[in-house]
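Participant: Following this message is one structure expressed as structure tokens.
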Amino acid sequence: MFESKKYAPSEEFVRNSNLTKDQYEEMYKKSISDPEGFWGEQAERLTWFKKWDKVLEHDFANAKVEWFKGGKLNVAYNCLDRHLQTPAKNKAAIIWVGDKPGETRTYTYQQLHREVSLHANVLKRFGIKRGDRVLIYLPMIPELAIFALACTRIGAVHSVVFGGFSPESLQSRIDDAKPSLIVTSDAGFRGGRIIDMKKNIDEALQRSEHKVQHVIVAERVGNETYTVWNEGRDHHLRDILNSPDLSDECPPEEMDAEDPLFILYTSGSTGKPKGVLHTTGGYLLGANMTFNYVFDHKPDDTFWCTADIGWVTGHSYILYGPLSNGATSLMFEGVPSYPDAGRFWQICDKFGVTVFYTAPTAIRALMREGVKWVEKHRLNTLRLLGSVGEPINPEAWEWYYHNVGKGRCPVVDTWWQTETGSIMISPLPGAIDAKPGSATKPFFGIEPVIVDNDGKELEGAASGNLCIKQPWPSMMRGVYGDPERFFNTYFVQFKGYYFTGDGANRDEDGYYWITGRVDDVLNVSGHRLGSAEVESALVEHQSVAEAAVVGYPHDIKGQGIYAYVTVKNGVHTNDELKKELLELVAEKIGKIARPDVIHWAPGLPKTRSGKIMRRILRKIAEGEFSNLGDISTLADPSVVATLVEDKQKYHS
Ligand code: WTA
């Protein structure tokens, strides 16, 4: 049932590791038997203005959790100020690498501290204060990191929206988060192409109900790619920075550990994306501590996480984890394939990257380009590799381990979610042997359980639904603006547990193997999308009567999007219509959501009460026709035969 091959870290790695096997076992035991004692000690990793009243207060089954309540701290202070009294003052905090080869900028901790303070004062100038929301829609330029940190400095709540999202996706986030201010840029560069930013914001704001008073526009591209300049609303960042009375001193706001830190939208199985809310103390501790142990942090590391800060991985492992540890974090604006498939490795060599963290989809895409792109580079500074975002297939794991890591670097396959805030299941590289394809063992304080469909906890080797049994500091605290949705999404299906939405196997060694989502969430190239979102985009087309969207295995993306579309009576299906539908989805959500397959379906398999049987649609999309299960309960079983036939004829 499970890949049994095991990879142990080298003796040298173990010798220098931040944690031994015995220490892991001992600390893990304590973290589960005495969470308050354990986390109370660990919280000393952060700098507090005032100590908390109580480590943990919770009614987990009812989704109520508070960590370090009454404790006062500031995230920017922990990420910047406190390093200025140490030798890290003049160390690189962020090494920024542009899309275009050769373009780089480096900020030392001292410089970043100054920039963040300046930009915090920019925000203050527009009346932004603690508790206000600031929406950040920027490409991967230093201003993105700077403004996020600036928000935390003054206690404003940031909501970063990934640059690839369309105006309509932006608009729904604006209406939900109701930001007082938006930060964007004229445009951005990605893979040599120009991407619209300001233009998308203009379109989004035209449609949104919520009126945003101020839009700050950073300059990246220089050409005026947008056409609208709204006097009074829009402000050039450079003009504000040039004003002589802008101070570079900004005292950090003293925040309560449970004050909101950021909102990040993510897709669920139903409805619109929800605003996952994280708070200050617990989140920072989770990001800080996982960074130290999972990535075995050493002061002279150059750490590179290739994610975009628009996703949670970028929040926790480009910004808050590395910076709160005083690490050097590399931030890359571009893509792995530009100008050629050697870009990642060229950057690793140029900056002496020691720890590299990427997604399986990128590994598979580079694998396809051939090992010659890797072999052109030395990669001798690398000592540890990481993977995140989706299950990594053993073949990609092995390729990564042998070709990129030269068999010398442990691979940490890290399982976690936007909701969990930080890594939950992962090898600690010096303490836990890896098995390709397994995220291995839980991090401190995490008690994963596997439950069957009736919610019964399974013991020993088992397969089922992955749940978490106890609160952990960096867990989300709510869905922004919709407290019931938090409880209903995560705590209802399996009573007493947090339900992850993932399926998992646990083997005889207690290793976890995540099998992927068991709900209607798609994971396309490590990006989360809801089937319902794609469906509602498709049915907005006048020719479409109905649509059902499922995931199917895709060689590079992990999962591809398979859309069954039923057109209205009298509509002729052709390539033109297909193109229109793909365009429509790109426009409504973003290019990442464009279906890979449009399957014209004369009818969809439904129960007699009208519910679409996605289980059957998934099997057909996978080409698993022999195993369709019971179809006798369908309102019209004959639609299945037609779908199977068309699938074989047109989509195999
Ligand atoms: C999936 C990304 C297997 C999983 C940090 C989860 C993984 C969803 C892994 C969360 C992994 C993430 N192995 N599956 N190492 N990491 N996933 O919120 O299905 O963008 O529920 O957070 O990605 O995606 P999200």
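The values are calculated or read from the model by the stated rules, or taken from the named source; none is laboratory data. Note that the structure is a prediction, hence the values are computed from the model and not measured. No Cβ is skipped: glycine too gets one built from the backbone with ideal geometry, and neighbour counts run over all protein chains shown.
Participant: If we scan the range 285-292, do we find a residue that is under 22 Å from the mean Cα position of the chain (by Cα), within 16 Å of the ligand (Cβ to nearest atom) and part of a loop (DSSP other than H, G, I, E, B)?
Facilitator: Looking for residues that are under 22 Å from the mean Cα position of the chain (by Cα), within 16 Å of the ligand (Cβ to nearest atom) and part of a loop (DSSP other than H, G, I, E, B), one finds none in the range 285-292, hence no.
Participant: To continue, here is another question. Name the single residue, out of those in the range 529-562 being in a strand (DSSP E or B), crowded, with 19+ Cβ neighbours inside 10 Å and not aliphatic (A, V, I, L, M), that is farthest from the chain's Cα centre (by Cα).
Facilitator: The residue in question is Tyr562.
Per-residue answers, yes or no, for (1) over 22 Å from Glu103 (Cα atoms); (2) part of a loop (DSSP other than H, G, I, E, B); (3) modelled with pLDDT under 95:
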site	(1), (2), (3)
His119	yes, no, no
Lys124	yes, no, no
Lys129	yes, yes, no
Ala150	yes, no, no
Asp175	yes, no, no
Asn200	yes, no, no
Gln206	yes, no, no
Arg220	no, yes, no
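Participant: Any idea which of (1) under 19 Å from Thr420 (Cα atoms); (2) at pLDDT 95 or above is the one Glu459 doesn't satisfy?
Facilitator: (1)
Participant: Here's another thing I want to ask about it. Which of the residues belonging to the range 406-416 are within 14 Å of the ligand (Cβ to nearest atom) and within 17 Å of Thr354 (Cα to Cα)?
Facilitator: Across the range 406-416, the qualifying residues are Val411, Val412, Asp413.
Participant: If the requirement is being under 25 Å from Phe443 (Cα atoms) and surrounded by 24 or more Cβ atoms within 10 Å (Cβ to Cβ), which of these qualifies: Gly310, Gly321, Gly326, Gly268?
Facilitator: Result of the check over Gly310, Gly321, Gly326, Gly268: Gly321.
Participant: Further question on the same structure: Looking at Glu419, Glu447 in this structure, which one is within 11 Å of the ligand (Cβ to nearest atom), in contact (Cβ under 8 Å) with a residue 60 or more places away in the chain and over 30 Å from Asn380 (Cβ atoms)?
Facilitator: Being within 11 Å of the ligand (Cβ to nearest atom), in contact (Cβ under 8 Å) with a residue 60 or more places away in the chain and over 30 Å from Asn380 (Cβ atoms) holds for just one of Glu419, Glu447, which is Glu419.
Participant: If you don't mind, there's one more thing I want to ask. Out of the strands (runs of 3 or more DSSP E) lying entirely within the range 326-405, which hold 2 or more residues that are closer than 30 Å to Arg45 by Cβ and away from the ligand (no atom under 16 Å from the Cβ)?
Facilitator: It comes to 328-332.
Participant: Return yes or no: is Arg220 more than 30 Å from Lys69 (Cα to Cα), buried (at least 18 other Cβ atoms within 10 Å of the Cβ) and not β-branched (Val, Ile, Thr)?
Facilitator: The answer is yes for Arg220.
To keep it simple, each residue is scored yes or no on (1) outside the structural domain of Tyr552 (by the TED database); (2) away from the ligand (no atom under 12 Å from the Cβ); (3) under 18 Å from the mean Cα position of the chain (by Cα); (4) among the hydrophobic types (A, V, I, L, M, F, W, C).
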residue	(1), (2), (3), (4)
Gly478	yes, yes, yes, no
Phe487	yes, yes, no, yes
Asp507	yes, yes, no, no
Tyr511	yes, yes, no, no
